[in-house]
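Just below is one structure, and these are the notes that go with it.
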Amino acid sequence: MSQAKVIIADDHPLFRTALKQAIVECIDDAGTLEADNFSELLTAVEATPSLEIVFLDLHMPGNDGFTGLTQLQNHYPDLVVIMVSSDDNDETMQKAINFGAAAFIPKSADLSTIATAIDTVLAGDIWLPEIIERDGDKQEALANQRLAKQLTQLTPQQYIVLTQIAGGQLNKQIAYDLNIKETTVKKHVSAILEKLQVNNRTLAGLAYQQLMLAPKENIAHTL
């Protein structure tokens, strides 16, 4: 178990089974693990240093849009993340790549397509379905890529503080939740604003909300 190279994080057992079948064909001695929520995934990743590839469901419990992807990149930068979902519109698939995923595999894909995607990623390339319209908003794509890069520059604790800012938590509440001093939280917030190149915590929270597929419209009122 400690030598597992791949973990499938998806709350649909049938799709996990299909993925495992494709992985066995593509990766020698993969030693596949499974998780059906994001918290379980983080626990498994922490306990299994040999993991190399994560298959991450876009809508799995505990994962809101691309928040899980960027958290994995922040905490475990050496992991390769492949997004999977039945929510496979062109914009969502392209966003996954912009935010740092190595591939986006629609859940409607057949075994040979999944295998092709895995082989492409193993070769060091990015994979998306051929049907995707790739002439999207270039400016938005660059903005997403910049945000993803900025998020990787945060320390793991700063990343967690940012998620709580985005949830409308005050410094005192964050300090209590993380069991740290309020002055430490303030230092983290200052560092977050600097790294995200924004002037206040509301804008920092809004930046994080861009990772979610359905941004909360009332965030400005909760910060």
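Scanning the stretch 116-127 for residues that are in contact (Cβ under 8 Å) with a residue 40 or more places away in the chain and surrounded by fewer than 18 Cβ atoms within 10 Å (Cβ to Cβ) gives Asp119, Leu122.
Scanning the stretch 35-46 for residues that are out of contact with any Phe, Trp or Tyr (no Cβ under 7 Å at 6 or more places or on another chain) and under 21 Å from Gln73 (Cβ atoms) gives Ala35, Asn37, Phe38, Ser39, Glu40, Leu41, Leu42, Thr43, Ala44, Glu46. Is it the case that the stretch 153-172 has a residue that's in the same structural domain as Glu25 (by TED's automatic domain parsing) and in contact with an Asp or Glu (Cβ under 7 Å, 6 or more places away or on another chain)? Among the residues of the stretch 153-172, not one is in the same structural domain as Glu25 (by TED's automatic domain parsing) and in contact with an Asp or Glu (Cβ under 7 Å, 6 or more places away or on another chain), which makes the answer no. Among the residues of the stretch 179-202, those identified as in a helix (DSSP H, G or I), loosely packed, with under 15 Cβ neighbours inside 10 Å and free of Cβ contacts under 8 Å to residues at least 12 places away in the same chain are Glu182, Thr183, Lys187, Ser190, Glu194. Assess whether Thr183 counts as being over 19 Å from Gly65 (Cβ atoms), of a type outside the set (Gly, Ala, Ser) and at pLDDT 95 or above. In short, yes.
The values are calculated or read from the model by the stated rules, or taken from the named source; none is laboratory data. Keep in mind that what you see is a predicted model, and the values were worked out from it rather than measured. In this analysis, Cβ positions are derived from the backbone assuming ideal geometry, glycine residues included, and neighbour counts consider all displayed protein chains.
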